[in-house]
Amino acid sequence: MKTAKIAEIFETFQGEGIYLGERQVFVRFFGCATGCVFCDTPLSDYREYDALELKDKIAKYQDYHSLCLTGGEPLAQADFIKEFLDGFADLGVKVYLETNGILTDALAKLIDRVDYIAMDFKLPSSTKRGAFWKEHEEFLKIALSKEVFVKIVVARQTTDEDISKSIEIIQRNDAGIPVVLQPNWFEADAGLIEKMEFLRERFKTSGILNVKILPQAHKLVGIK
Ligand code: SF4
């Protein structure tokens, strides 16, 4: 039986994106190779679980919107997740995947087992890492068979060029996809929000109308 490295398991409300406020059970997978400069989940410890142990662990939770697979990067452990999610649909548990939107082959392995996808576009001017435009577009094409929205972290250094590339990918695939612009928590101030208002208008004038500016609400109220 496969095992996975899990950093934590807990229940709280979703603090980001278009499902903000929904009660979820979070399974935080350990590890991510992307190394975004604004990463707010540097993980230092984990426990190994097999699929049965993890199912037992979350069985105590009741009456929640969905099971949130987060990280780190959950898709880095896709083979385990595919095994773990076997039978979940029969239990009526919805599965919500939070992902950096890069590991296309991993998503393809388990797309039929997830219901919602919160997909990041990692802008190189925001992350200070490499570009993933090709990966994001291929990933989005697969994710579109489910309920997907795109989340973009905006920093002071985010460039117009990166926003233009994001707009082009969304236009080529489905201009109706919800888009969430999220301020970099470490830089959020009135100046950044003003910049984001300008960027939101760029999406709207490009025909992408369902675009919101949403900060991380869980941090505003000081919970996980
Ligand atoms: S992709 Fe997510 S978990 Fe990975 S480094 Fe970036 S912010 Fe952190």
- request: Hey, can you tell me all the residues within the range 12-35 that are without any contact (Cβ under 8 Å) to a residue 60 or more places away in the chain and surrounded by fewer than 16 Cβ atoms within 10 Å (Cβ to Cβ)?
  value: R23, G31, A33
- prompt: What are the residues in the range 191-224 that are modelled with pLDDT of 90 or more, among the aliphatic types (A, V, I, L, M) and in a helix (DSSP H, G or I), if any?
  reply: L192, I193, M196, L199
task: Any chance you could count how many residues in the range 105-115 are surrounded by 20 or more Cβ atoms within 10 Å (Cβ to Cβ) and in contact with a helix residue (DSSP H, G or I) (Cβ under 6 Å, 6 or more places away or on another chain)?
output: 3
- prompt: Among the residues of the range 84-104, which ones are surrounded by 16 or more Cβ atoms within 10 Å (Cβ to Cβ) and either more than 15 Å from the ligand (Cβ to nearest atom) or modelled with pLDDT under 95 (or both)?
  reply: F84, L85, F88, V93, K94, V95, Y96
statement: Here the residues within the range 121-155 that are within 15 Å of the ligand (Cβ to nearest atom), under 17 Å from T104 (Cα atoms), in contact with a Ser or Thr (Cβ under 7 Å, 6 or more places away or on another chain) and part of a helix (DSSP H, G or I) are E135, F139
So D120, is it among the acidic types (D, E) and surrounded by fewer than 22 Cβ atoms within 10 Å (Cβ to Cβ): no
message: Anything in the range 36-53 that is over 9 Å from I6 (Cα atoms), more than 16 Å from the ligand (Cβ to nearest atom) and in contact (Cβ under 8 Å) with a residue 40 or more places away in the chain? List them, or say none.
response: D50, A51, L52
task: Name every residue in the range 1-52 that is under 22 Å from G222 (Cα atoms), β-branched (V, I, T) and out of contact with any Phe, Trp or Tyr (no Cβ under 8 Å at 6 or more places or on another chain), in order of residue number.
output: V27, V37, T41
message: All but one of (1) out of contact with any strand residue (DSSP E or B) (no Cβ under 7 Å at 6 or more places or on another chain); (2) touching a residue at least 12 places away in the same chain (Cβ under 8 Å); (3) away from the ligand (no atom under 16 Å from the Cβ); (4) of a type outside the set (F, W, Y) hold for D112; state the number of the condition that does not hold.
response: (2)
task: Please determine, by comparing only the residues of the range 54-75 that are in a helix (DSSP H, G or I), more than 19 Å from L110 (Cα to Cα) and open to solvent by 30 Å² or more (accessible area, probe 1.4 Å), which one is nearest to the ligand (Cβ to nearest atom).
output: K57
- request: Among residues belonging to the range 1-35 that are assigned to a loop (DSSP other than H, G, I, E, B) and among the polar types (S, T, N, Q), point out the one that is farthest from D115 (Cα to Cα).
  value: T34
query: Which condition number does N184 fail, the rest of (1) out of contact with any strand residue (DSSP E or B) (no Cβ under 9 Å at 6 or more places or on another chain); (2) open to solvent by less than 60 Å² (accessible area, probe 1.4 Å) being met?
result: (1)
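Here are some residues: A78, A118. Which one is farther than 19 Å from D40 by Cβ and either in a loop (DSSP other than H, G, I, E, B) or of a type in the set (G, A, S) (or both)?
Details: A118 fails: farther than 19 Å from D40 by Cβ.
A78 is the lone residue from the list that is farther than 19 Å from D40 by Cβ and either in a loop (DSSP other than H, G, I, E, B) or of a type in the set (G, A, S) (or both).
Go through the residues of the range 156-163 one by one and say whether even a single one is in a helix (DSSP H, G or I) and of a type in the set (K, R). Before the answer, list the steps.
Step one: of the range 156-163, the residues in a helix (DSSP H, G or I) are 160-163.
In the following step, the residues that additionally are of a type in the set (K, R) were identified as none.
The answer is no, given that none of the residues of the range 156-163 is in a helix (DSSP H, G or I) and of a type in the set (K, R).
The values are calculated or read from the model by the stated rules, or taken from the named source; none is laboratory data. Bear in mind that the values here come from a model prediction, so they are computed numbers and not experimental data. Cβ atoms come from the backbone with ideal geometry, glycine included; neighbour counts cover every protein chain shown. These accessible areas exclude ligands, DNA and RNA; they are computed on the full protein's heavy atoms, side chains included. Shrake-Rupley method; radii C 1.70, N 1.55, O 1.52, S 1.80 Å.
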